[in-house]
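Encoded as structure tokens, the structure appears first; notes follow it.
The values are calculated or read from the model by the stated rules, or taken from the named source; none is laboratory data. Note that the coordinates shown come from a computational prediction; the quantities given were computed from them, not determined experimentally. Using ideal geometry, Cβ is built from the backbone for each residue, glycine included, and neighbour counts are taken over all protein chains shown.
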Amino acid sequence: MTRPFPRHAVIREVGLRDGLQSIRTILPTASKLAWIRGAYAAGLRELEVGSFVPARLLPQLADTAELVAFARTLPGLFTSVLVPNLRGAQDALDSGADLMIVPLSASHAHSLANLRKTPDEVVADVARIRAARDAGGAKTLIEGGVGTAFGCTLQGHVDADEVLRLMQALLDAGADRVSLADTVGYADPRMVRELFARAVDIAGDRFWCGHFHDTRGLGLANVCAALDAGVTRFDACLAGIGGCPHAPGASGNVATEDLAYLLGSMGIETGIDIGRLLALREDVAGWLRDETLHGTLWRAGLPKTYAARPAATAA
């Protein structure tokens, strides 16, 4: 049954982590700080600013602690970081980030290629991270992010029951929140509506986020399907950069500016000033001149009828 669209939705901008880690350009810290300021000025209130991984592996993200420290000075900004293990989690706790995301791949093959661990070994890591968090009295939330939820370029089919088993295992291990990601862009709206509806039934208000890639042009359609399943928070990346190294030809994440327009056009409030967001997108394009960028709104602009769209009916 189709439910009414929500009045509000949240976009978490992930470009400073998911976007930058996937490209060659190493953006100076000053530009990253400008990105945070611009995103905040545009009304974004959730940012994923980096990842606590060794700098030799991802030099693009070596200044994550500095970015978290700056983000914490902006009132009402909720700051996320990605952590691959207990060491990274301890760095996240020390930084004072609001939330740490622990990635888990439902694909066994992708998990070994990406993290060198099985999915269940990642679940065990989450239990250790939760114990360390609680022992130190920190307030940083733990999000277990289940990737390759709709299939994998290495393994192929990923069973939906296995995805949900791992999601429940993350909750049982101590994750405060869980999310699902179409890491390699295999999902379609029917798949999304069915799996996300089951996930929300299991996790309730602990289900946090939908993460979609626009690999085959279905990113925004999949967002609509997730909305229909009751999801109201989505990851996105300015200029559609990012993506998975194990998905050749992928066009990257859903573009933040396109998603903000979609939701606004549907009468779903996000608190985002799209004009300012497009100005920030221009800045990002200037900083990343040698990279391939994506998205469509920046080309066409807002239609003249955009501001007349009425608010959505409350869910």
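What's the total number of residues in the stretch 209-220 that are modelled with pLDDT of 95 or more and under 25 Å from residue 170 (Cβ atoms)?
The qualifying residues number 5.
Tell me yes or no: at least one residue of the stretch 106-117 is without any contact (Cβ under 8 Å) to a residue 60 or more places away in the chain, part of a helix (DSSP H, G or I) and within 23 Å of residue 241 (Cα to Cα).
Step one: filter the stretch 106-117 for residues without any contact (Cβ under 8 Å) to a residue 60 or more places away in the chain, giving 107-109, 111-112, 115-117.
Okay, now just the ones that are also part of a helix (DSSP H, G or I), so 108-109, 111-112, 115.
Within this subset, residues satisfying the condition of being within 23 Å of residue 241 (Cα to Cα) are 111, 115.
Within the stretch 106-117, one or more residues are without any contact (Cβ under 8 Å) to a residue 60 or more places away in the chain, part of a helix (DSSP H, G or I) and within 23 Å of residue 241 (Cα to Cα).
So in the stretch 203-220, with the set limited to residues that are part of a helix (DSSP H, G or I) and touching a strand residue (DSSP E or B) at 6+ places or on another chain (Cβ under 6 Å), which one is surrounded by the fewest Cβ atoms within 10 Å (Cβ to Cβ)? Explain how you work it out, then say what you get.
Filtering the stretch 203-220 for residues part of a helix (DSSP H, G or I) gives 203-206, 219-220.
Next, from what is left, pick out any that are touching a strand residue (DSSP E or B) at 6+ places or on another chain (Cβ under 6 Å): 203, 206, 219.
Details: 203: 21, 206: 17, 219: 26.
Among residues in the stretch 203-220 that are part of a helix (DSSP H, G or I) and touching a strand residue (DSSP E or B) at 6+ places or on another chain (Cβ under 6 Å), the one surrounded by the fewest Cβ atoms within 10 Å (Cβ to Cβ) is 206.
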Hey, could you check the stretch 27-73 for residues that are assigned to a loop (DSSP other than H, G, I, E, B) and free of Cβ contacts under 8 Å to residues at least 24 places away in the same chain and say which is farthest from residue 11 (Cα to Cα)?
56
When the stretch 183-202 is examined, which residues are found to be small (Gly, Ala, Ser) and either assigned to a loop (DSSP other than H, G, I, E, B) or over 18 Å from the mean Cα position of the chain (by Cα) (or both)?
185, 187, 197
Taking the residues in the stretch 137-179 that are charged (D, E, K, R) and assigned to a helix (DSSP H, G or I) as candidates, determine which candidate is nearest to residue 107 (Cα to Cα).
162
Restricting to the stretch 93-105, what's the tally of residues that are surrounded by 24 or more Cβ atoms within 10 Å (Cβ to Cβ) and in a strand (DSSP E or B)?
5
Extreme residue, modelled with the lowest pLDDT, among residues of the stretch 17-28 that are in contact with a helix residue (DSSP H, G or I) (Cβ under 6 Å, 6 or more places away or on another chain) and either surrounded by 24 or more Cβ atoms within 10 Å (Cβ to Cβ) or polar (S, T, N, Q) (or both):
21
